Structure formats: C-alpha cells, structure tokens
Amino acid sequence: MKSKNKEKDKELNTEATTESQSENSNKSKKSDNSDGTKEPNEGVESKDEIGGGDAEKLAELNDRYLRLVAEFDNYRRRSAKERMDLVVNAAEETIKGLLPILDDFERAIEVLSKSEGDIKAALEGTELIYNKLLVYLISKGLKKIEAAGEVLDTDYHEAVAQFPVDNDIKKNKIIDVVQQGYTLNGKVIRFAKVVVGV
C-alpha cells in the first residue's frame, strides 16, 4: 500500500512541476513582449498596408499564369492534331501501297473480259476480290477521281499527253485516263494521269 501511495505522490509532484514550468514560460514570453521585442505577427503587413508594388506583382503573376494556361492549351491541341495526322498518314502510306494492286486488278479484269474461252469463273473470282478490296478501301476514305470527259483540273489531274481533236466540245477536256487517280479523306494521294484534247 505504501508503494502505491508513493507512486501517486510522485505523479502529483510531476504534474505540479510541469504546470509551474508552463506558467513560467508564459510569463517570460509576456515579459519579452513588454521589453520591446516583436510579436510573431508584427512584421506581416495587413491588407490595408499593401502598396501599389504588390498589386503590380499580382497583376504580373496573373498575366504569366494566363499565358501559361493558354500555351499549354495550344500545346495540347497541337499534339492531339499531330497524333491524328500520324494515324491518317500511316493509313495513307498503306493505302498508297495498295493502289498498284487495284490497277493490276483493273487490267486483269479488262484482259479477262476480252479473252475467249471458258474463263467465266476466273473473271468472276477476280472481280469478287477486286470489289472486296475496293469496298474496304472506300470504307477507309478512298475515293476515285472522276476524270473521263471532265475539264482538266490541275488540282486533281496530271496531263501526260495532248491529243488533237476535231470537235470543239472535247477541247481542254480529258479524252482518256492513263492511270486512275484517288483521294483519301479529301486529300489527293495520287493524281489522275490523263490525255487532254487540244
């Protein structure tokens, strides 16, 4: 029992000691303030004391912030456009590589349709494969450039030859297409090579 009482006395003494120490520290702080030392908030200017220089700094920082936001927005748009262009251009190169195959199919169909003999199955098979490939490419944005009978348009046509014509209606018009031209999503990927009447 005596040991329990001694422990309680020790606890009470330590509590009293800590309370007196905290009171002493508070008194010393108050005495420091009365001696003329600065209080913690004494060096900070109030809102009323803010001068014109701080307003200018604020305006400059706001301007810099707005410019930075606008610059980032432009960067984001530019990078998104570049990504889209990259996807479109990658498809463009692939489709350009398939155009000679379309030309070969067209020539094969033309030759098979003029040939004699039992080639009906070969002609149908070739037309079927050609049509499947063409439908797929059209779904990706490929479009033929109409040339035969049209007026020469250098935005879409490339004149590879001129041929004299008797009829004035056919002058400056395309009378033959040497190589079919194509656009991909509105952009010319291959000009139509044509013969123009003069």
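Every number here is computed from the coordinates shown, using simple stated rules; none is lab data. The structure displayed is predicted, hence computed values, not measured ones. So basically every Cβ, Gly included, is an ideal-geometry build from the backbone, and we count neighbours across all protein chains shown.
Quick notes on this one:
- Residue count for region 160-185 satisfying the condition of being of a type in the set (A, V, I, L, M, F, W, C), in a strand (DSSP E or B) and surrounded by fewer than 16 Cβ atoms within 10 Å (Cβ to Cβ): 4.
- Every test in (1) over 13 Å from ARG190 (Cα atoms); (2) touching a strand residue (DSSP E or B) at 6+ places or on another chain (Cβ under 6 Å) is passed by ASP104 save one, and that test is (2).
- Conditions (1) assigned to a loop (DSSP other than H, G, I, E, B); (2) over 28 Å from ALA90 (Cβ atoms); (3) touching a residue at least 12 places away in the same chain (Cβ under 8 Å); (4) under 40 Å from the mean Cα position of the chain (by Cα): number failed by ASP155: (2)
- Filtered by the rule that a residue be under 18 Å from LYS193 (Cβ atoms), free of Cβ contacts under 8 Å to residues at least 60 places away in the same chain and not basic (Lys, Arg), region 167-181 gives ASN172, ILE174, ILE175, ASP176, VAL177, VAL178, GLY181.
- Residue list for region 97-143, filter: free of Cβ contacts under 8 Å to residues at least 12 places away in the same chain and of a type in the set (Asp, Glu): ASP104, GLU110, GLU116, ASP118, GLU124
- Considering the conditions (1) surrounded by 10 or more Cβ atoms within 10 Å (Cβ to Cβ); (2) farther than 30 Å from GLN180 by Cβ, GLY53 is excluded by exactly one of them, (1).
- Residues located in region 126-153, provided they are over 20 Å from LYS96 (Cβ atoms) and either of a type in the set (Val, Ile, Thr) or exposed (fewer than 15 other Cβ atoms within 10 Å of the Cβ) (or both): THR126, LEU128, ASN131, ALA148, GLY149, VAL151, ASP153
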